[in-house]
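In what follows, a single structure is set out as structure tokens and then discussed.
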């Protein structure tokens, strides 16, 4: 596994370099001192992981992340001095395609590292299971991508909307939510692959940019009118009437998992709409397939509008998506179904 470092502080670079080179099966690919240099090096030599700082001269980490994910996508982990102090930048970087964010470890005078646990955890998870981030990218099989013209929606008004996303998800979620009518007439539940410490920042940002009521998840009754975002390292699940947080027992790569939310909903009396948006890996494909089998209307984002077409591609390959739509059409499509629940569109 080859790891690149992007940082303008020599002490941080040296700390990260030592940590990377001390790991079995991990080697240093290259070092860039700012975002512009990182974009150039990524186009010439794409590593397996980029450790991206946020605040740098010439080009910041958010901009570099967006360009790299557009031109040469690969896993990008934000490594910043303070995730709390830079929470807004972190959310924007994840909207641009970063997979996660951790604080920059430090190297003490005693020769020991401090705060390196979260970074080592992310590196090990990616090294152990790279498909958990990228998945298998395949062409869309025509036989499994159907439009509403060939398969009508279930009768009756959708009772709930579920959204799953990963890499590039915050911006995609924003686009979908912004197209929905205000106030919301049904509950909306979101699982975005993001460390729980950034959820509050994501919630605030979505609230500001969509003007919807957006809240962090907590156990309790399912109520219409709010967007509920999974907020802990437990899985967010639901039954007919309530949300719950369920501890992980299967060692899933992503906690919370889109599959866990979708699978729990398939066992309820709800018949709603489930959307799988941009993201590395395959999380959500199995759950979306179960929802389709249970009579839900299932939608996957298309390749052209996805930051990384991993999760939606896996769902399409499994025949889990009734429709494959560009991002800009998904929200308005849902809004039309809420207005005219029985129509075939």
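Numerical summary
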quantity: Test set (1) more than 24 Å from residue 14 (Cβ to Cβ); (2) crowded, with 17+ Cβ neighbours inside 10 Å - residue 70 fails condition number; calculated: (2)
quantity: Residue count for the range 251-273, restricted to those that are in a loop (DSSP other than H, G, I, E, B) and within 20 Å of the chain's Cα centre (by Cα); calculated: 7
quantity: Verdict on residue 42 being touching a strand residue (DSSP E or B) at 6+ places or on another chain (Cβ under 6 Å), over 25 Å from residue 201 (Cβ atoms), crowded, with 18+ Cβ neighbours inside 10 Å and in the same structural domain as residue 116 (by TED's automatic domain parsing); calculated: no
quantity: Output for the range 274-295, where each listed residue is in a loop (DSSP other than H, G, I, E, B), surrounded by 24 or more Cβ atoms within 10 Å (Cβ to Cβ) and either touching a strand residue (DSSP E or B) at 6+ places or on another chain (Cβ under 8 Å) or on the phi > 0 side of the Ramachandran plot (or both); calculated: 277, 278, 281, 283, 284
quantity: Residues located in the range 23-50, provided they are assigned to a loop (DSSP other than H, G, I, E, B) and under 18 Å from residue 10 (Cβ atoms); calculated: 33, 34
quantity: The range 103-116, residues that are touching a helix residue (DSSP H, G or I) at 6+ places or on another chain (Cβ under 8 Å) and either outside the structural domain of residue 47 (by TED's automatic domain parsing) or more than 13 Å from residue 61 (Cβ to Cβ) (or both); calculated: 103, 105, 106, 107, 113, 116
quantity: The range 73-94: number of residues that are under 13 Å from residue 201 (Cα atoms) and either modelled with pLDDT under 80 or surrounded by fewer than 22 Cβ atoms within 10 Å (Cβ to Cβ) (or both); calculated: 7
quantity: Filtered residues of the range 306-323 (kept if in contact with a strand residue (DSSP E or B) (Cβ under 7 Å, 6 or more places away or on another chain), under 19 Å from residue 170 (Cβ atoms) and part of a strand (DSSP E or B)); calculated: none
quantity: Only one of 218, 231 that is surrounded by fewer than 14 Cβ atoms within 10 Å (Cβ to Cβ), touching a strand residue (DSSP E or B) at 6+ places or on another chain (Cβ under 8 Å) and within 30 Å of residue 80 (Cβ to Cβ); calculated: 218
quantity: The listed residue being in the same structural domain as residue 169 (by TED's automatic domain parsing), modelled with pLDDT under 95 and touching a strand residue (DSSP E or B) at 6+ places or on another chain (Cβ under 6 Å), out of 223, 303; calculated: 303
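The values are calculated or read from the model by the stated rules, or taken from the named source; none is laboratory data. Here the structure is a predicted model, which is why all the values come from computation and not from measurement. Because the Cβ atoms are built from the backbone with ideal geometry, glycine has one as well, and the counts that use them run over all protein chains shown.
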